[in-house]
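The values are calculated or read from the model by the stated rules, or taken from the named source; none is laboratory data. For clarity, every value in this text was computed on a predicted model and none was experimentally measured. Note: ideal-geometry Cβ built from the backbone for every residue, glycine included; neighbour counts use all protein chains shown.
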Amino acid sequence: MAIVLEQQTDEEFIGNGSTTEFNMSHTVPSGSFRLLLVLVSWLNDDLEDISSITWDPEGVDQALTEIASYQAADDSRVKAYYLTAPIAGSAKNVEVIFSSAPLSTSTQVVCAYSLSGVDQTSPIRDEAGEGLDVSIDITAVLSAAVSGDFIATCNVIENATTGDLDSSTISMTTVFSGGSISNVEHVHGYGSADGAGETIICTWGTADHTAGIAVAIAPVDVTYKLEGITKDKDGVALGSCPCFLCKDNGDNTADFIEYQLSNASTGAYSFTGLADNDPNYFVIAWKDLATHVFDVTDFILTPVVE
């Protein structure tokens with residue numbers, strides 16, 4: 001199953017030296033195998049850290065788990081958090097609470113991704129990043145990433161300069177670039193791995209204190225099954241019938257998928273490990289008797305998740 005980006009939200013918040021809580025409206029659609037991914041970049045001139053990130057604190061109140069953190073001295077910092085199986089909700093808050101109030105000379109960018117089709121047991125395939133005191137490039141080497149992984153990144157620099165993700169090994173979609181305060185710039189974006197190992201690079205126009213992180217999210221490995229029972233014309237189970245699973249191509253042709261002999265006593269058959277749940281499978285079965293028995297199902301059978 002491929003990962004689908006169901007919803008993406010980002011917002012820039014300006015520090016004032018007294019506010020520690022920032023809330024961004026976001027929606028988690030009701031897709032299957034959900035994950036909420038949140039990346040935050042900020043200028044931590046006062047060594048500010050994030051105490052917690054919570055999905056819908058006024059309602060379901062689900063806490064996110066930190067993935068990793070990178071920083072450059074006391075200037076630039078990035079963090080990533082995730083939550084598997086977030087409760088779906090529309091226009092709820094992603095709440096970010098800092099340990100101390102970001103200063104008025106700084107900005108914070110919060111970026112949230114609602115994904116479906118994500119592995120719920122081991123969703124974080126890889127993460128990488130760095131914090132550098134003086135650099136033009138921030139490099140995140142995701143050596144464990146594989147084709148189909150969802151990749152997100154965030155980057156920040158203490159400088160009024162532009163940044164881009166163009167030197168990355170994959171095409172990245174930038175969702176936030178810039179900043180409202182002249183001494184800090186942010187670049188957030190996402191893409192999809194197309195090979196084994198990916199490198200995400202943020203290149204700035206001027207070298208300065210900078211930090212960046214990239215995360216690779218793994219898709220769920222879903223297989224499907226199609227089950228039934230072979231019966232005679234009276235609806236009584238008829239065992240030991242050769243069963244042939246086929247798939248209609250919609251053009252007056254069909255593909256043979258798999259063969260199985262139904263259970264000798266119950267007539268049950270189960271085709272497992274199917275790669276999709278397209279609604280165009282059918283089963284042909286027969287029984288060699290004095291009077292042969294044979295039949296075929298409709299060609300709209302839909303497999304279900306195993």
Original post:
Scanning for something outside any strand (DSSP E or B), at pLDDT 95 or above and under 30 Å from Glu66 (Cα atoms), does the range 243-261 turn up at least one residue?
Top reply: no
Subject >> the range 204-213, subset surrounded by 24 or more Cβ atoms within 10 Å (Cβ to Cβ) and of a type in the set (A, V, I, L, M, F, W, C), residue nearest to Gln71 (Cα to Cα) >> reply: Ala211
**OP:** Check the range 51-66 and report whether any residue there is among the hydrophobic types (A, V, I, L, M, F, W, C), in contact with a Pro (Cβ under 8 Å, 6 or more places away or on another chain), assigned by TED's automatic domain parsing to the domain that holds Ile213 and surrounded by 20 or more Cβ atoms within 10 Å (Cβ to Cβ).
**Re:** yes
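Is there a residue in the range 194-201 that is of a type outside the set (A, V, I, L, M) and over 26 Å from the mean Cα position of the chain (by Cα)?
Just the residues of the range 194-201 that are of a type outside the set (A, V, I, L, M), to begin with: 194-195, 197-199.
From what's left, over 26 Å from the mean Cα position of the chain (by Cα): none.
No, because not a single residue in the range 194-201 is of a type outside the set (A, V, I, L, M) and over 26 Å from the mean Cα position of the chain (by Cα).
Quick one: which of Ala254, Ala290, Ala237 is without any contact (Cβ under 8 Å) to a residue 12 or more places away in the chain and hydrophobic (A, V, I, L, M, F, W, C)? Give the steps one after another, and end with the answer.
Details: Ala254 fails: without any contact (Cβ under 8 Å) to a residue 12 or more places away in the chain; Ala237 fails: without any contact (Cβ under 8 Å) to a residue 12 or more places away in the chain.
Testing whether each residue is without any contact (Cβ under 8 Å) to a residue 12 or more places away in the chain and hydrophobic (A, V, I, L, M, F, W, C) leaves just Ala290.
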**OP:** Just name the residue that is nearest to Gln120 (Cα to Cα) out of those in the range 4-60 that are acidic (Asp, Glu) and in a loop (DSSP other than H, G, I, E, B).
**Re:** Asp56
Original post:
Any residue at all in the range 192-203 that is modelled with pLDDT of 95 or more, touching a Phe, Trp or Tyr at 6+ places or on another chain (Cβ under 7 Å), outside any loop (DSSP other than H, G, I, E, B) and surrounded by fewer than 24 Cβ atoms within 10 Å (Cβ to Cβ)?
Top reply: yes
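For Thr173, are the conditions met, namely being free of Cβ contacts under 8 Å to residues at least 24 places away in the same chain and of a type in the set (S, T, N, Q)?
Working: free of Cβ contacts under 8 Å to residues at least 24 places away in the same chain: yes; of a type in the set (S, T, N, Q): yes.
Yes; evaluated as a whole, the condition is true for this residue.
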Subject >> Pick from the range 257-303, criterion exposed (fewer than 13 other Cβ atoms within 10 Å of the Cβ) and over 18 Å from Cys246 (Cβ atoms), ranking: farthest from the chain's Cα centre (by Cα) >> reply: Ala290
